[in-house]
1. Looking at 93, 113, which one is touching a Pro at 6+ places or on another chain (Cβ under 9 Å) and either at pLDDT below 90 or within 16 Å of residue 39 (Cβ to Cβ) (or both)?
2. Can we say residue 34 is modelled with pLDDT of 90 or more and surrounded by 18 or more Cβ atoms within 10 Å (Cβ to Cβ)?
3. Return yes when residue 68 is in contact with a Cys (Cβ under 7 Å, 6 or more places away or on another chain) and modelled with pLDDT of 85 or more and no when it is not.
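The values are calculated or read from the model by the stated rules, or taken from the named source; none is laboratory data. Note that the coordinates shown come from a computational prediction; the quantities given were computed from them, not determined experimentally. Cβ placement follows ideal geometry from the backbone for every residue including glycine, while neighbour counts extend to all protein chains displayed.
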Amino acid sequence: MRISAIPAAALALCCALLLALFVGSSPASAEVTGLETKSYTATAAADEIKTLAVACSSGKKVLGGGFEAQFSPALTQQVLASVPQGATGGENGGDNANAWVAEVHNTDTVPHGVTVWVICATVGS
């Protein structure tokens, strides 16, 4: 069983809503270009707290992100964090976020895969 924090349809809807917020006919609107989705997958060993991060390409900012943990049953995982990260390493990087970080605790007795995603774009002013 796969537990997904951001199903594909929700991810697409999130991107569309974010783009609608940034792109408009007003001259004061920010221009969003170069939309990209990146991911990183690793294995969380038995009873391991695993922290994964995936960064945007140079010059791009985080629009959103999430994770997927392949745990079965679902009760063998604890989500500790799923947050944007700033260029200086602080969580909730705000306007300067350039990566997404997920932290999960695999409480199972066997290893499980974890994937973290970030949605990025170049955001003009």
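1. On the way: 113 fails: touching a Pro at 6+ places or on another chain (Cβ under 9 Å).
Going through 93, 113 in turn, just one is touching a Pro at 6+ places or on another chain (Cβ under 9 Å) and either at pLDDT below 90 or within 16 Å of residue 39 (Cβ to Cβ) (or both): 93.
2. Numbers: modelled with pLDDT of 90 or more: yes; surrounded by 18 or more Cβ atoms within 10 Å (Cβ to Cβ): no.
So residue 34 does not fit the description; no.
3. Numbers: in contact with a Cys (Cβ under 7 Å, 6 or more places away or on another chain): no; modelled with pLDDT of 85 or more: yes.
No.
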